[in-house]
Amino acid sequence: MIRTAARLRCLLLVGASLMPLLVSAAGFTELEKMTERGFQVSAEARLLGDGDRPGEVVGAIEPQRQLSPASVSKAYLAAAALDRWGPQHRFTTRLVSSGELDADGVLRGDLIFEGGGDPALVTEDLWRLAQRLYQAGVREIEGGLVVSQWRFGPVECITTDRCDARSRAANSYSALLSSAGVNYGNWCVNVAPGAAVGEPARVTSCDSQALILGIDNQVETRATGTATEFSAERVTREEGDVMLLRGHIALNAASRDVYRASGDPARQTARTLAAVLDQAGIGIGAGYATSVEPPPASARILAEVEGESLQELLLHVMNYSNNFMADVLALNLVDAPRATLLQAGEAIQDYVAGLPDHGPVIMLSGSGLTTENRTSASGANALLESMFHRASLFPGFVASFQSPSNGVSRFIRRGSPLVQERIMLKTGTLNQPYAVRAASGYFRARSGRWGVFTALVNGTASTPWLNWAQVLDPLTQDLERMIEAH
C-alpha cells in the first residue's frame, strides 16, 4: 500500500494548499464537543440556492478536512453509477454454449454461465434461467457447467476481513467478489431443532432441496424452554466450503437462517446452479468448473435473465449498506476486464473530478469498507448538491437515503419528530483500526428550502470507544436548530 499512501499524502497536501481549513464550529455547537474529546471532525451544513437566493453555509467544523467517510462512500458510488448508466439500467446474466442441441434435447458441449456482474443475483434468478433453458429444449448437458467470471473475479482483497474470508468467515459482510456471484456471496443454511431431545439439529439448505455445501453439525437439541445458543463458521477445506455449527437449540425453538460468506463466490454459483439444474431435471455429464476466460465468440445465448433496475439496486446498497453489492457495482464501472477494487475506486474518483468545487477525494473501494477512503464534509456536500440539480437522476438518488422516521435502520431514529421527518441520510460505520461514524444527506428547512449536510467523525488510537448516540444526538440537535432558523 506504499503507492496508495503516497497518493493520499499528495492529495491531502494539494487540498490543504488550495483550501485552508476552517476551524469555526458555527452552527455545530453540540457536535463540536467531540473535538474536545480528541475526535477528528469535519462537518458542514449549507442551504442550497433557491431561485434568487444564493446558497449559504449555516454550519461548519473544518469542512475541508480529509477524513474517512466509511459507508458514506456508497453515496459516491450511487452518484457515479447513476451518471454512468441511468436509473433504469439492468445487468444481464446469460447461459450460453457453442455446443449443438440435438433432437433429443442433449447439448453436445459445455453450458457456460456468463456472469454479468449483477450485484443482486439470487437463487430465484437461477431457477428462472433453468426454466428458460428447459423452454429452449435442453434436457441434458453432455459436457460440463462452466461458470465464467471473465469480467472480474477472483478479486484481490484489500481488507483483513475479506482476506481472512478466503479460508474462513464467521460473518456475512466480508463476502468475496465476482462478476458471477450469487446470493450476495453468502451461503445460507436453515437450522431447526431435531425430532427429540439429544438429537442433532436439522440443517437444510436455504437454496436447494439437497445440501450444496458441507455441513459439520454439532448443534444438540435440548429440552423445551431452554436457551438456544449456537455459532456458525464457514471454513474452506480440501473438498470445498463447509459450515461448522456448534452449540444447542431448544426443542420448541423456531428455525433460523444462517448466512456466512463463501470462500469462492463463482464456485458457490456453480454448486448452486448445478443443484438447481438437477432439480429441474437437466443433467450435467461432466460436473462443474469456474473460469476467468470469456465464452467463445461462437457461443450462442440459450437463456438469460435481467436483474433489478439500478434505482432498485441502490435502495439495497444504500439502505442496508450492502458491501458485496456496493463493490460489485463499483467493479462494473471499470471498462476493462479483470477489474480490481483500486481500479473501481479510480473510476469513482474520475467521476468526482468533474464535480464543481469538490476538492480532493480518495476512493479505494465503493463500499467504504476501509478507513483509507478519504473525503471532506465540503466535498461530500458538493456531491449532494450536484445530484440535487440533475432532475433526471435526483429522484433515484435521494430515494436511496433513509428518513429516520421510517427508515430500515432503528439506530438513526434519534432527535425530535421535526428533525426525523425533515432529514434523509446515509450513515457510515467502521470500528477498526479506529472508530468512524459518518452521516451525510439532505434536510428541509422550515421555509421549505433544501439543504445538505455531512458530518465525518474519526477516532484515533488514543480516543475512547465511539457509538452512534455520541454522534447522532448532538448532530440532530444542531440540525434541528438550523431547520428551525431557516
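The values are calculated or read from the model by the stated rules, or taken from the named source; none is laboratory data. For clarity, every value in this text was computed on a predicted model and none was experimentally measured. Here the Cβ positions follow ideal geometry from the backbone for every residue, glycine too, while neighbour counts run over all protein chains shown. Just so you know, the surface numbers come from the protein's heavy atoms only, side chains and all, with ligands and any DNA or RNA stripped out. Shrake-Rupley method; radii C 1.70, N 1.55, O 1.52, S 1.80 Å.
Which helices (runs of 4 or more DSSP H) does the stretch 380-486 wholly contain that include 3 or more residues that are among the basic types (Lys, Arg)?
In the stretch 380-486, there are no helices (runs of 4 or more DSSP H) which contain 3 or more residues that are among the basic types (Lys, Arg).
Taking the condition among the aliphatic types (A, V, I, L, M), open to solvent by less than 50 Å² (accessible area, probe 1.4 Å) and part of a helix (DSSP H, G or I), does Ala253 pass?
no
In the stretch 119-128, what count of residues is obtained for those that are outside any helix (DSSP H, G or I) and either free of Cβ contacts under 8 Å to residues at least 60 places away in the same chain or of a type in the set (A, V, I, L, M, F, W, C) (or both)?
Number of matching residues: 3.
Which one is nearest to Arg422 (Cα to Cα), of the residues in the stretch 437-454 that are under 21 Å from the mean Cα position of the chain (by Cα) and not basic (Lys, Arg)?
Gly441
Output the number of the condition that Ile348 fails; it satisfies all remaining conditions of (1) open to solvent by 30 Å² or more (accessible area, probe 1.4 Å); (2) in a helix (DSSP H, G or I).
It is condition (1) that Ile348 fails.
Of all residues being open to solvent by 30 Å² or more (accessible area, probe 1.4 Å) and within 18 Å of the chain's Cα centre (by Cα) in the stretch 385-431, which is nearest to Val452 (Cα to Cα)? Just the residue, please.
So the residue we want is Ala399.
With at pLDDT 95 or above, surrounded by 21 or more Cβ atoms within 10 Å (Cβ to Cβ) and more than 24 Å from Leu310 (Cβ to Cβ) as the only criterion, which of Ala445, Ala455, Ala438 stands out?
The conditions single out Ala455.
Look through the stretch 4-34, keep the residues that are at pLDDT 80 or above and part of a helix (DSSP H, G or I), and return whichever of them is nearest to Tyr434 (Cα to Cα).
Met34
Considering each residue of the stretch 260-282, count those that are open to solvent by less than 10 Å² (accessible area, probe 1.4 Å), in a helix (DSSP H, G or I) and within 11 Å of Leu213 (Cα to Cα), and give that number.
Qualifying residue count for the region: 2.
Give the residues of the stretch 45-65 that are open to solvent by 30 Å² or more (accessible area, probe 1.4 Å) and touching a strand residue (DSSP E or B) at 6+ places or on another chain (Cβ under 6 Å), sorted by residue number.
The answer is Arg46, Gly55, Glu56, Val57, Glu62, Arg65.
Working carefully through the options Gly240, Gly214, Gly247, find the one that is touching a Lys or Arg at 6+ places or on another chain (Cβ under 8 Å) and either surrounded by fewer than 12 Cβ atoms within 10 Å (Cβ to Cβ) or on the phi > 0 side of the Ramachandran plot (or both).
After ruling out the rest, the residue left standing is Gly240.
Residue by residue, here is whether (1) modelled with pLDDT of 95 or more; (2) within 21 Å of Leu245 (Cα to Cα); (3) buried (at least 16 other Cβ atoms within 10 Å of the Cβ) holds:
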{"residue": "Ala136", "(1), (2), (3)": "yes, no, no"}
{"residue": "Val147", "(1), (2), (3)": "yes, no, yes"}
{"residue": "Arg151", "(1), (2), (3)": "yes, no, yes"}
{"residue": "Val155", "(1), (2), (3)": "yes, no, yes"}
{"residue": "Thr160", "(1), (2), (3)": "no, no, no"}
{"residue": "Val182", "(1), (2), (3)": "yes, no, yes"}
{"residue": "Trp187", "(1), (2), (3)": "yes, yes, yes"}
{"residue": "Val197", "(1), (2), (3)": "yes, yes, no"}
{"residue": "Ala201", "(1), (2), (3)": "yes, yes, yes"}
